[in-house]
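As structure tokens, the structure follows; a few thoughts come after it.
Rule-based calculations on the coordinates, nothing more; no lab input. Every value quoted in this text rests on a predicted model; they were computed, and no experiment measured them. Cβ atoms come from the backbone with ideal geometry, glycine included; neighbour counts cover every protein chain shown.
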Amino acid sequence: MSNPFNSYKSRRDFMKGATALGAFGVFAPSLLRAGAARAAGPDGQVLTGSHWGAFNAIVKDGRFADITPWDGDPAPSDQLPGILDSVYSPSRIKYPMVRRAYLENGPGASVETRGQDDFVRVSWDKALELVVSELKRVKEEYGSAGTFAGSYGWKSPGKLHNCQALLRRALNIGLEGAFVNSSGDYSTGASQIIMPHVLGTLEVYEQQTVWPVVVENTDTLVFWGCDPLNTNQISWLVSDHGNFPYFDEFKKTGKKVIVIDPMKTRTAKFFDADWIAIKPQTDVAMMLGIAHTLYAEELHDADFLDEYTSGFDKFVPYLTGKSDGTPKTAEWAEGICGVPADTIKELAKLFQSSRTMLSSGWSLQRQHHGEQAHWMLVTLASMLGQIGLPGGGFGLSYHYANGGAPSANSPVLPGITDGGQAVDGAAWLTSAGAASIPLARVVDMLENPGAEFDFNGTKSTYPEVKLAYWVGGNPFTHHQDRNRMVKAWQKLDTFIVQDFQWTPTARHADIVLPATTAYERNDIEHVGDYAMRAIIAMKKVIDPVFEARTDLDIFTEIADRLGKKKEFTEDKDEMGWIKSFYEEAVKQGEAKNIDVPDFDTFWDAGIKEFEVTDAGKSYVRYADFRDDPLLEPLGTPTGLIEIYSRNIEKMGYDDCPAHPTWMEPIERLDGPDTKYPLHVDTKHPEKRLHSQLCGTSLRKEYAVADREPCLINTKDAESRGIADGDVVRIFNDRGQVLAGAVVTDEIRPGVLRLSEGGWYSPVEPGKAGSLDAYGDANCLTVDIGTSKLAQANCGHTAVADVEKFTGDLPEITVFSTPKNG
Ligand code: PGD
């Protein structure tokens, strides 16, 4: 089966395809109202925004009937039709629902049958009465740490209906903050903790040296474990797709592109790149092999290391093997990463002799000892001495939210606050403790109340949690080791889920509250996370369907029932909040001399775009530091790039030494103690956002035999008698899933690809170890912290085996409404 994802669609291609399909033929553009000031009414067109970009929603007879990309989008995502389907899909939650056993017997009832029980429809009044009385009971009986509201997930964009901030706001204001929060995220959990020690900043969410500079100056562009043509389809805010025109420009230059990845990615195919098929989880070894070559051949930039870094002298004995008897030569690296030593040596020379940008993804750090990967990448870039030069150095965000698209001179919108102490930025460094856990340790916390855990130099104890309230996330797809999780979840008396679709998470809940999609409410957001290209009115397209209510509305009522409505709302309704955020932008505009129209003009127009400045077009990351490291020091203790960290040394962790180090992961392909012969690569999917849109008609475009596709190398398939299109069972000691085989040479032998985000559909719900009928990759992954430092998730650490499935094919239940739903 050929892989359909080898290119991206420019705007022209998108529209051609759409017209050919007749998708947009129903409404002549002249009949459509552009920029309607509110929901379209029975017929019309509304401009609004999403993770997948800005789009026009076409409404017919009061129904969201069609979707076309915003005129300003240079590369519309072909996932847009999934958005439309998500509003009316069979997986939509229509009414407030309560698990029957819970409704009949109360908190803690039959927890072992969560996921298999049927649900009972209740009124909103009843549902909220249950929610509020349980919040109060848990606070009374278990104190301030009995409820977990560190709810994580990709939710929807919008500065107001930020459901996670609203949840915490309701509990901060209504329950005097009686809840356990979380810090970090599943994307960059390891890197965002180690990078402040190394570079004095989170680094992963910072603007990159911009693409016009890269196109002009970079000779060798390396994509190391990232697939920007795929992942830049979506953004945390409303995607601008600002990188895509530069992909075309760079390609036209004919300059070298290298992709280091177990898979021949969409990006590799687009650029016709040199594909180096590394073994998964071995990047640190390969980087060390390059570093050793540079050092041994005296190709490293000693002046740069002297002036801008600290601790290289402590790293060298490790590199040469003086300290541990193992020189980290290219030959040594080959034995681990599977890339020939000659290739490693050639790369060292190529990187040193040409302007090289090492652009890395985050998969490298979403694995056991993931902290080491970006630390070693920064060390390698330091040895090359090009950090702060136009088009040289490293970048940790070219693959995310269109990092590197030049920034506009735009005001910055505020958003709804959580009404308590902010947990962001530098606070992540110190926010360990019973009041907040590193979020990927949630199962550990449920299993081990009272147990001590380390985190970034601190020690805390896990609280005893009895109630979890989840909004805007799908932990029954995003968290690792599903079977362990299913059991741990049984420790909860109550699990409340607020979502718009019957995700696997909602199916494991006791109380389910139907939220609206972003298209059934008004909001406001930026277009372009880094580019800040525009502010968009995310206008309501249609009224809420069935009994869905907005997150703001639900939490307002919870705050009201807790006697704190006024404090929660500050006397503002939906449009009052949106206006108040916009007014801040107007004030900033006045101060910074940016033209920002008044609210009514903006809302009527639907969007306000901002100019990209010359400074935005020529930004070079770390140029200031390079120009003057004394006046522009980094935020590290030494003010320099820390190749050796005394702070980490003081922590004394056995699993995170004080300089970048190759550390064997708990399991890996061909690893010393590894039991299974194949690695499971759980990269991000091409046709959905994590698990979002998995429950829509888009699935038909990629599912194989109705199941999540699993890429398998031709040789591995042949030796197991697996043919393209077969249903296969992938298994290890932690779990077993069915998937549809895609036999290909576009993946390294020994590696399977099963994308994260496939909805968990257990054949025996509630039973740990059940076969998953659809293909949830996290049935197979390990749930351990990356190290004591970051305690981040290891979603890319999994080995397994695969066989052709010959039994009776079990039904996939997860995409339909549960009984009575
Ligand atoms: P999403 O599918 O985006 O996944 O995990 P995350 O939980 O973020 O789930 C978001 C949920 O929010 C959906 O169910 C959606 O319906 C709901 N939602 C959307 N908008 C709203 C709203 O306005 N209100 C409410 N109430 N709900 C809403 C993603 C996570 O998975 C991440 S970020 C990463 S990087 C990790 N990646 C991997 C990986 O690469 N490999 C593995 N094995 N595992 C991973 N897990 C992580």
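Computed from backbone phi, the HN-Hα couplings of the stretch 350-359 come to 5, 4, 6, 9, 9, 5, 10, 10, 8, 9 Hz, rounded to whole numbers (Karplus: 6.51 cos²θ - 1.76 cosθ + 1.60, θ = phi - 60°; Gly and Pro given as x). Placing unit charges on the Cβ atoms of the charged side chains and taking the dipole of the chain about its Cα centre, the candidate lying farthest along the positive direction among I554, Y246, Q365 is I554.
In this Cβ point-charge picture (+1 for Lys and Arg, -1 for Asp and Glu), the chain has a dipole of about 1500 debye about its Cα centre. So which of K126/K487; K159/K819; K94/K155; K650/K788; K540/K608; K159/K565 end up more than 24 Å apart, counting from Cα to Cα? Those over the limit are K126/K487; K159/K819. For M532, the residues 5 or more places off, or on other chains, whose built amide H falls under 5 Å of its own are A408. Considering only alpha-carbon pairs that sit under 8 angstrom and 6 or more positions apart, the relative contact order computed for the chain is 20 percent. Neighbour counts of other Cβ atoms within 10 Å put D783, D261, D324 in the fewest-to-most order D324, D783, D261. Applied to the stretch 558-564, the Karplus parametrisation 6.51 cos²θ - 1.76 cosθ + 1.60 on θ = phi - 60° returns per-residue 3J(HN,Hα) values of 5, 4, 4, 5, 8, x, 10 Hz, with x for Gly and Pro. Counting only the Cα atoms, the chain fills a convex hull of 150 Å³ per residue.
The mean of 1/r over all pairs of different alpha-carbon atoms in the stretch 678-804, once inverted, gives a Kirkwood hydrodynamic radius of 14.7 Å. Cross-link pairs exceeding 26 Å between alpha carbons, from the set K251/K683; K255/K687; K322/K345: K255/K687. Applying both filters, DSSP loop and at most 11 other Cβ atoms within 10 Å, to the GluC sites (Glu not before Pro) of the stretch 242-310 gives E298. Bridging of K564 to lysines at a Cα separation below 19 Å is possible for K136, K139, K572, once same-chain residues fewer than 8 apart are set aside.
Per residue, the Cα convex hull of the stretch 213-345 amounts to 152 Å³.
The fewest-to-most ranking of K608, K256 by surrounding Cβ atoms within 10 Å reads K256, K608. Remark: M663, M357 ranked as M663, M357, counting other beta-carbon atoms within 10 Å and listing the fewest first. For the stretch 65-172, trypsin sites (Lys or Arg not before Pro) are listed when DSSP marks them as loop and at most 16 other Cβ atoms sit within 10 Å of their Cβ; the list is K94. About its Cα centre, the stretch 678-804 has a charge dipole of approximately 240 debye under the convention of +1 per Lys or Arg Cβ and -1 per Asp or Glu Cβ, with nothing else charged. Place +1 on the Cβ of every Lys and Arg and -1 on the Cβ of every Asp and Glu in the stretch 678-804, take the dipole about the Cα centre, and give the residue among Y774, I784, V763 whose Cα lies farthest towards its positive end. My answer, from the dipole projection, is I784.
Placing unit charges on the Cβ atoms of the charged side chains and taking the dipole of the chain about its Cα centre, the candidate lying farthest along the positive direction among P96, A435, T806 is P96. Listed by chain and number, the lysines whose alpha-carbon sits under 17 Å from that of K804, ignoring those within fewer than 8 places in the same chain, are K715.
What is the sum of charges, Lys and Arg at +1 and Asp and Glu at -1, for the other residues whose Cβ falls under 10 Å from the Cβ of A488? Surrounding charge for A488 is -1.
Taking a straight line from the alpha carbon of K587, these aspartates and glutamates sit under 12 Å away, with near neighbours fewer than eight places off in the same chain left out: D595, D598.
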